[in-house]
1. Treating the Cα atoms of region 1-97 as identical point scatterers in vacuum, please give the log10 of the normalised Debye intensity I(q)/I(0) at q = 0.17, 0.21, 0.25 Å⁻¹, two decimals.
2. Can you give the net charge of the other residues whose Cβ lies under 14 Å from the Cβ of GLN155, counting K and R as +1 and D and E as -1?
3. Using a cut-off of 15 Å between alpha-carbon atoms, which aspartates and glutamates can reach LYS11, once sequence neighbours fewer than 8 places away in the same chain are excluded?
4. When the dipole is taken about the Cα centre of region 95-189, and only Lys, Arg (+1) and Asp, Glu (-1) are charged at their Cβ, what size is it in debye, to the nearest 20?
5. What is the dipole size for the chain, taken about its Cα centre, with +1 at each Lys and Arg Cβ and -1 at each Asp and Glu Cβ, in debye to the nearest 20?
6. How much accessible surface area, in Å² rounded to 10, belongs to the heavy atoms of VAL184 with a 1.4 Å probe?
7. Run the reach check for LYS170 against lysines, Cα to Cα strictly under 16 Å, same-chain hits fewer than 8 apart removed. What comes back?
8. Under the rule of at least 5 residues apart or a separate chain, name every residue whose amide H is placed under 5 Å from the amide H of VAL41.
Amino acid sequence: LLLLGDAGAGKSTVAREWQYRLARAILDESDEAVVPRLPVVVRAADVAGRLGEWDPDSPPTAAAAVLDQCPELFEAGAAAVVVDALNELADDDKERVAEWIVALHGHFPLVPLLVCHRQYNYPAGLLPFPLVTLDKVAPLQAERYIRDYLRERMQDSPPGAAAPGELADKLVDLLLRNEAHKQVRDLAQ
């Protein structure tokens, strides 16, 4: 999967959430929605630095070696790979890393792959994967989500607990309106 979005749209956040869920599934097998796999997370710049003498026609072991992992892990589909910040590379390095990503996917089709790239400078057709574009959440959307979430989760609150509307008002003020918490507001969006 190729994940595109502007700066701050949440590409790396989505990648970290997936990594967290994969790791949690290894420890807690009760979540049947997530197949336990070892998350292998790498920045595209690190891949570019490790390509060295890698040849696209080389055996699968050479593609796995770039990640410093044993190929058996990938052959069994026991890993999931996240390549973050592909957009940070110069065009030549970006092409070479994209070529390696395609080769890795070709050699190990059981391995889920997530690649993150900024939307503004993505060269069309760089990767032959399904594309998901993330848009930044508008403050009104974030407020609506907060209110709906708290209303749903607090339906069965014990007597004397704060009302969902009160908590939503406080949270909306803290996250979306308070200038002292601008970084938190960006994260909330």
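1. Scattering profile of region 1-97, log10 relative to I(0): -0.87, -1.16, -1.32.
2. Its environment carries a net charge of 0.
3. Here the aspartates and glutamates satisfying the reach criterion relative to LYS11 are ASP84, GLU88, ASP135, ASP186.
4. Its charge dipole is roughly 120 debye.
5. The calculation lands at about 700 debye.
6. Here the accessible area works out near 60 Å².
7. Straight-line reach from LYS170, under 16 Å: LYS182.
8. Amide H neighbours of VAL41: VAL82.
The values are calculated or read from the model by the stated rules, or taken from the named source; none is laboratory data. Please read these numbers as outputs of a predicted model, since none were measured by experiment. All Cβ positions, even for glycine, are placed from backbone atoms using ideal geometry, and neighbour counts span all protein chains on display. SASA here: full protein model, heavy atoms, side chains in, ligands and nucleic acids out. Shrake-Rupley method; radii C 1.70, N 1.55, O 1.52, S 1.80 Å.
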